[in-house]
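Structure record follows, encoded as structure tokens.
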Amino acid sequence: MDQPVRFSRVFRRVLLVLLFFGAVSSFAGGVLGVFMNGAGVPLAYLESTPFTSYLVPGLILAVVIGGTQISAAVSTLKRADHSNALSAVAGFGMIIWIFVELALMSEYSWLQTVYFAVGVAELALVFGVLGIFATPSDKHIGVASDAASNDRLARASMISAERAT
């Protein structure tokens, strides 16, 4: 087995773990926000935000962030053609969520650093799955991705060419 293909599989497995972790923790945080009004997180943290309770942020966290994380995880597990795109959206969504938290809230938590790192890691792992980290010689001889990825790329190129005409 070629080294880049092996790394691609490792990247995909680690990405799956992070996506499921992001989904479960986003859903849990959303449930705590909606049903327990932050579960002990002081409402004073929301003073500089447009929110008076954790209801709306909890819904956004569970539905938008958790939803994209679980969608990406399931599509990656099924090896769907759109799994890399969904995983990138999930990673960016996590990063944007943390940026907005940092911009709006008056308090900082170490968890924000953890979830920012999760989002960045998800994006980096998508690059790894795509073979972006392979050496130029690996890309030249075509071992940076597995045969299924090459087939998907060829089909996408053909579809794009057909739509252009």
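The values are calculated or read from the model by the stated rules, or taken from the named source; none is laboratory data. Here the structure is a predicted model, which is why all the values come from computation and not from measurement. Note that each Cβ is placed from the backbone with ideal geometry, even for glycine, and that neighbours are counted across all protein chains shown.
Taking the range 33-53, which residues are surrounded by 12 or more Cβ atoms within 10 Å (Cβ to Cβ) and more than 16 Å from TYR108 (Cα to Cα)?
Hits for the range 33-53 are GLY33, VAL34, MET36, ASN37, ALA39, PHE51, SER53.
Return the total of residues in the range 2-23 being exposed (fewer than 14 other Cβ atoms within 10 Å of the Cβ), closer than 11 Å to VAL129 by Cβ and of a type in the set (Val, Ile, Thr).
So the answer is 1.
Quick one: SER26 ticks every box in (1) surrounded by 19 or more Cβ atoms within 10 Å (Cβ to Cβ); (2) over 26 Å from PHE11 (Cβ atoms); (3) at pLDDT 95 or above bar one, so which box is it?
Of everything listed in (1) surrounded by 19 or more Cβ atoms within 10 Å (Cβ to Cβ); (2) over 26 Å from PHE11 (Cβ atoms); (3) at pLDDT 95 or above, SER26 misses just condition (2).
Take the residues of the range 82-118 that are closer than 16 Å to LEU61 by Cα and in contact (Cβ under 8 Å) with a residue 60 or more places away in the chain: which is surrounded by the most Cβ atoms within 10 Å (Cβ to Cβ)?
ALA90
Scan the range 44-81 residue by residue and report those that are assigned to a loop (DSSP other than H, G, I, E, B), without any contact (Cβ under 8 Å) to a residue 40 or more places away in the chain and β-branched (Val, Ile, Thr).
THR52 - this is the single residue of the range 44-81 that is assigned to a loop (DSSP other than H, G, I, E, B), without any contact (Cβ under 8 Å) to a residue 40 or more places away in the chain and β-branched (Val, Ile, Thr).
Just one of the numbered conditions (1) surrounded by 15 or more Cβ atoms within 10 Å (Cβ to Cβ); (2) out of contact with any Lys or Arg (no Cβ under 9 Å at 6 or more places or on another chain) is not true of GLY128; which one?
(2)
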